[in-house]
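These notes are about the structure you will find just below.
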Amino acid sequence: MRKYLTDGQHLAVLLLILGVAGSALNVVITNPYIQTFPPALAVAGGLALFESTDIDHSLSGFALDWRLTVSLALGVTTALGLLYQGGGGRSTATLMLTVLLYLCAALAIVSSGDLRLQVGLILLAGVVHRATMLYASPIPMGSDTMFHQRMAAQIAETHTLEPLAVAGSKHYYSPIYHLLVSNSMLIHGVNAQTASFLVVSIPALVVPVTVVAAVSRQEFGSTYAALSAYFVTISDAILKWAVTPATTTLGFVLVSCIILCLLRTSRSSQREYHALAMALFGVLIITHQTSAFIAATGITLLYSARSIVDGVSRVLLPLIAWLAVLGSWMGMRYAGPNSPDILTLIFSLFVAKLAASGGGGTGELPEYLDVVPAGSAGLTILHTIAPALVLGFGVLGGVLLIRSRRSGWNRYFELLVVAGGLTAVAFGGPLVGFAALLPFRWFPFIYLCLALTAPAGILALSRHLPQTPRPLAICAVLICITAFMGGTYLGAFDSPVFDDSSQAMSYAYSASEVEMLEHSAKYNGGATVSGERLSTLTVRRWFDGDSEAVHYIANENRVATPTDDLLILDRPYSHTDHAWYDVSVNGTTRSVVGELPSGYFQCGKDVVYSAGKSSIRYSTDGCRGL
């Protein structure tokens, strides 16, 4: 069995079968990830059966003066800065210039053998891209990011962790992020948004890029290492966590370092790497529990793969990791002091999910509501085609490296096992009704593994091209993936370019919208602040006000509210098919995305506040009879 699993030919056949079987799920499941990922896996498995393992990592035949590339990159960066300074924001011109900046990095990859130059331009493009997205909104994007940055600001003001305790946050026991950002605020004299960008967002790019470049350079040349760094930089989930710098982002940085240490141990039994990995894991536990869970899963998969390769049982390090995670969950309180421990809460949630999956009422969404269930099923393949390409290149490259049996092949077997295992958990959890595994938080870690094998796939396929156009073809593929990654609901988190699907929501706000939301939090007079979920989450998580997302009771044709006095948040985005709210049908509540119920805004006949195109409507008799 061990010989079968580690044989490249057999592994390719297995992946081909899994890809075909996964593609068959399209008959019963409508989901763009199912439409693209299994076919990519099947194609990669099929190509790996016949593709030569003699991968040419050198790209000769195309020369470009590095001074020209650097000058162009600096010119584009300057133009982007001037455009933003002039109020251009994230316009079409900004997007085009960002793609041009990535083109400079891609040209350096295919024309230069200097890894420092290649990685330097990749980092420049990555930092500028992230900055343009992060500052597209005057306040942080993402509800978790809003909360964590608000806590960091209060900690900087009070010089204690009391704000986390008062807020009832589990991060009272894991405050590394909040201490890091609050200290950055005090040292640099900036707000929480800028401080988190400096000490979290930028490291979330620099550290994984350095990790994959260092690992790849150890086995291959600068071109391969630069391609690995490029794939990490443009991956949509990694982009998303960088522009919503929170505890998850910091966890990703730490896991990147842990992976580097553990991959180093594949060639050495030096105890210092194991010790450093465990020390970093300890820091991870008091930074972000979900990332620690993912890391423990990854460590288990990695050492399982290592055991398959050499036939030696390796359980000590995975056991230590899981005991540390479980121990921390038993000791840490979910909602701050005097609340249940995290392990008890997770167990209760799991039992509740299992009980709910066995039956209960069903409620088809009313046809007169133009909505779809919230989640990835509401996306189109435009949002998943680039990730599927990276998956395909990664699987193809990994299998070819395993088939080659070159020095270090076992490292790539381990990476494929980790990537495959994490993907199975991320997608398998929601399929069985247990979305509490937070599948999208696993994506950056999957990309990190694939970035180390994807270059082999793209270089292998490009080998069939003539020598002269080969570098340009690789450059074109990189830019196409960049354009698709940068337009998805994750890669353009502020305002997706591919916004034809309801689930592609925009998390950036205009200045007038922020003023409206702040006003509703401060001057609601006890009335219920109501609106689509993004607005109400911002009122709660950033402005610390009370609010309720629209909850439409279809059978009664009304909006459920705690009080009859309503302040209805009305902004242009609320009138699009991207509004996020809840619908109850026959006692079953579902989270949906689409147009708000007809007549909802007419419930508030009096406009009591307006700023730009945003306003607040007031109602004294609730919202009934829509």
Exercise. Please work through the chain and write down the cysteines that have no neighbouring cysteine Cβ at a distance under 4.7 Å.
Key: CYS104, CYS257, CYS261, CYS449, CYS475, CYS480
Quiz item: Rounded to a whole number, what % of the accessible area of the chain do carbon and sulfur atoms account for, probe 1.4 Å?
Solution: 62
Self-check item: Solvent exposure, largest accessible area first (probe 1.4 Å, DNA, RNA and ligands not counted), of TYR273, TYR600
Solution: TYR273, TYR600
Quiz item: In what order, largest first, do PHE427, PHE220 sit by accessible area if the probe radius is 1.4 Å?
Solution: PHE427, PHE220
Self-check item: Using distinct alpha-carbon pairs, which all enter the 1/r mean, Kirkwood radius of region 586-626 in Å
Solution: 12.3
Quiz prompt | Accessible area (Å², per residue) of region 140-267, counting only protein heavy atoms and a probe of 1.4 Å | solution = 27
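Rolling a 1.4 Å sphere over the protein heavy atoms, what is the accessible area per residue of region 467-626, to the nearest Å²?
40
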Quiz item: How big is the shadow of the Cα convex hull of the chain, averaged over all directions, in nm²?
Solution: 28.3
Exercise. Name the longest site-free stretch of the chain, where the excluded sites are GluC sites (Glu not before Pro) in a DSSP loop with no more than 15 other beta-carbon atoms within 10 Å.
Key: 1-363
Practice problem: Calculate, axis by axis, the spread of Cα positions in region 116-273 along the three principal axes, and write the results as whole Å, longest axis first. | Solution: 51, 39, 26
Self-check item: Sequence-separation-based contact order of region 511-618, relative, with Cα cut under 8 Å and 6+ spacing, percent
Solution: 28
Self-check item: Exposure of TYR135 as accessible area (Å², to 10), given a probe of 1.4 Å and all protein chains
Solution: 90
Self-check item: Non-local Lys pairs in the chain, i.e. 8 or more apart or on different chains, that have alpha carbons under 24 Å apart
Solution: 5
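Can you compute the charge dipole magnitude of region 511-618 about its Cα centre, using +1 on each Lys and Arg Cβ and -1 on each Asp and Glu Cβ, nothing else charged? Give it in debye, rounded to the nearest 20.
Using Cβ point charges on Lys, Arg, Asp and Glu, region 511-618 gives about 100 debye.
Within the P(r) computed for region 511-618, what percentage of the Cα pairs occupies the region above 19 Å?
Here the tail beyond 19 Å accounts for 38 percent of pairs.
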Quiz item: Along the positive direction of the dipole of the chain (beta-carbon charges: Lys, Arg +1; Asp, Glu -1; about the Cα centre), which of VAL99, LEU369, ALA42 reaches farthest?
Solution: ALA42
Quiz item: Going through the DSSP H helices of the chain, which span 20 Å or more along their own axis at the Cα atoms while scoring at least 1.6 as a mean Kyte-Doolittle hydropathy?
Solution: 8-24, 92-111, 247-264, 316-331, 342-357, 385-404, 470-485
Quiz prompt | the chain: relative contact order as a whole-number percent, Cα under 8 Å and 6+ apart | solution = 16
Quiz item: Over region 154-205, what number does the Rg to Rh ratio reach, with both radii from the alpha-carbon atoms and Rh per Kirkwood?
Solution: 0.99
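The values are calculated or read from the model by the stated rules, or taken from the named source; none is laboratory data. What you see is a predicted model, and the numbers here were worked out from it, not measured in a lab. For neighbour counting, all protein chains shown are included, and Cβ atoms are generated from backbone atoms with ideal geometry for every residue, glycine included. Protein only, heavy atoms only, side chains kept; ligands, DNA and RNA dropped before computing areas. Shrake-Rupley method; radii C 1.70, N 1.55, O 1.52, S 1.80 Å.
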